[in-house]
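Let me begin by presenting the structure, written as structure tokens, before commenting on it.
No value in this document is a laboratory result; all are computed from the given coordinates. Because the structure is predicted, anything quoted here is derived from the model rather than measured. In this analysis, Cβ positions are derived from the backbone assuming ideal geometry, glycine residues included, and neighbour counts consider all displayed protein chains.
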Amino acid sequence: MVNYRVTVILKLWERNWLTGEVPPLEKIRGAGMVRPEDVRRLGDFLKERMERVASMIELLQERGFCCRGTRKAVILEGSDLEAYQVKELLQEHGFEPYEYEIKLEYTRQWGIM
């Protein structure tokens, strides 16, 4: 018999960026001159990101996932759905694969034969 645990990582301040994209925070960190529109763009990104993270948390908690926070991310863990089912569920609700990370851990159980 095999048990599995699915872990979903939702980064709070960023996401997995696509090639060519510049994270809004990078335009501010270490910049010699910060423009007001860069700060506004970062604010808009963070507002949208937090709303999407909250929506993914609600969706997965309804499916039995436990949630905990770290300094930079929200971690959800569950064993009722397999990794492919979590991915399908999130995509069905309009979430893109670059918005989350899914990790799958299998544990083999040995019994008496």
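Could you give the distance between the Cα centres of the stretch 12-36 and the stretch 44-62, to the whole Å? Each part's Cα centre sits 20 Å from the other's.
Where only DSSP H runs of four or more residues are counted, the chain gives -11000 deg cm²/dmol as its mean residue ellipticity at 222 nm, each run worth -39500 (n - 2.57).
Summing +1 for each Lys or Arg and -1 for each Asp or Glu among the other residues whose beta-carbon sits under 9 angstrom from that of residue 12 gives +3.
With one equal scatterer per alpha carbon and no solvent term, the Debye-computed log10 I(q)/I(0) for the stretch 1-62 at 0.23 1/Å reads -1.01. Excluding residue 77 itself, what net charge comes from residues whose Cβ is under 10 Å from its Cβ, given Lys and Arg +1 and Asp and Glu -1? Combined, the nearby Lys, Arg, Asp and Glu give +2.
Students often get this wrong, so try it: which of [x] 1.03; [y] 1.86; [z] 1.33 is Cα Rg over 2.2 N^0.38 Å as calculated from the structure shown? Of the labelled values, this structure produces [z]. The listed peptides 66-72, 98-104, ordered by packing as a protection proxy, come out as 98-104, 66-72 (highest mean of other Cβ atoms within 10 Å first). Within 11 Å, Cβ to Cβ, of residue 37, how many net charges do the neighbouring residues add up to if Lys/Arg are +1 and Asp/Glu are -1? With Lys, Arg at +1 and Asp, Glu at -1, the neighbours total +2.
The GluC sites (Glu not before Pro) of the stretch 32-69 that DSSP puts in a loop, and whose beta carbon has at most 11 other beta carbons within 10 Å, are 62. Sequence-ordered 3J(HN,Hα) estimates for the stretch 12-18 from the Karplus curve with 6.51, -1.76 and 1.60 and θ = phi - 60° stand at 7, 8, 7, 9, 6, 7, 7 Hz, glycine and proline given as x. Here residue 61 and residue 37 are evaluated by their C-beta separation; at R0 = 41 Å the FRET efficiency comes out at 0.70. Rounded to the nearest 0.05, the FRET efficiency derived from the C-beta distance between residue 44 and residue 109 at R0 = 35 Å is 0.15.
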